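Written out below as structure tokens is the structure these notes cover.
The values are calculated or read from the model by the stated rules, or taken from the named source; none is laboratory data. Note that the structure is predicted; figures quoted are calculated from it, not measured. So basically every Cβ, Gly included, is an ideal-geometry build from the backbone, and we count neighbours across all protein chains shown. What goes into the accessible areas is simple: the full protein's heavy atoms, side chains included, and nothing from ligands, DNA or RNA. Shrake-Rupley method; radii C 1.70, N 1.55, O 1.52, S 1.80 Å.
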Amino acid sequence: MTAAIAPLAHLVRRYWAVTLIVVAWQIWVSAAGLSSIVLPGPLAVAADFAGDPLSYARPAALTFAVAIVGLLLGFALGAGLAILSWSSRILNGLLTPLGLIFTSIPVVTLIPIIARLLGYDVRTVIAIVSLICFFPAFVYVGAGLRALPPGSDDLFRVFGGSRRQRFTRLVLPSAVPNLMLAFRLTAPEAVLAAVVAEFLMGTDGLGYMFRKAAGEFDTERALATSLIATITSVACFGLALAAERRVLRRWT
């Protein structure tokens, strides 16, 4: 019995602030006698999830998969363009302003255009997530490629290192911490972008599930969907953090 309670007690000690908010939420809803349409209590939300957990599994898996694919594509595009900008002054002068201008446009306004081009399906959602993830990768990786240790660049030039050797042995290793930082910070945003795109376009996933529940005034399911989306976002952050630690241990 003690062994079963110990993990729960550890979670309460670690996340006592969240526990306090949930308890206060339940007390407030019960004391005020609020309708479940206005605001259900956390017990009602938990009961809705426990009653049919499998109904949340497929939308959560779809949103998670789309977020991961979009994150990897956007990150690869941003990192690749940052490397191209580093390799050429002409490309740097061309790509940097275009990247800044393009990312200053709210992605929500681009959804109808991208949907017209790609269709109202998962491809558009992946494209939206990729656009969200592109700019942080481009900025952070570009900054890391230029943040070299003092004197290291001159040392390579003195010893006659080629441009390729300079990039693979000096520039790229120096950019790895920034690269992984961008990956970790962008991972939760990928889930948010996927949920927003699914909500606006009506494609399968947590975003559409929330939209449908809210439209039917099923507030318990809407809040449970929000909770699952939060957990999915935290899971992406945790995976990115684990990947960052592993890569940094290898490169440093």
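Values for this structure:
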item	result
The stretch 54-251 - Kirkwood radius from inverse mean 1/r over Cα pairs (Å)	18.2 Å
Virtual spin-label span in nm between Ser87 and Trp25, 7 Å along Cα→Cβ	4.9 nm
Inter-probe distance in nm under a simple model that places probes 7 Å from Cα toward Cβ, at Glu216 and Ile37	1.6 nm
Interatomic Cα distance distribution for the stretch 105-151, bins of 10 angstrom, percent	24, 36, 21, 13, 6, 0
Length gained when the stretch Tyr120-Arg246 is fully extended (0.36 nm per residue, less Cα-Cα span)	41.6 nm
Within the accessible area of the stretch 103-150 (1.4 Å probe), percent carbon and sulfur	73 percent
Per-pair calculated FRET efficiency, R0 = 41 Å: Arg146 and Asp204 via Cβ, rounded to 0.05	0.45
Tyr15 versus Ala76: modelled label distance in nm, points set 7 Å from Cα along the beta carbon direction	3.3 nm
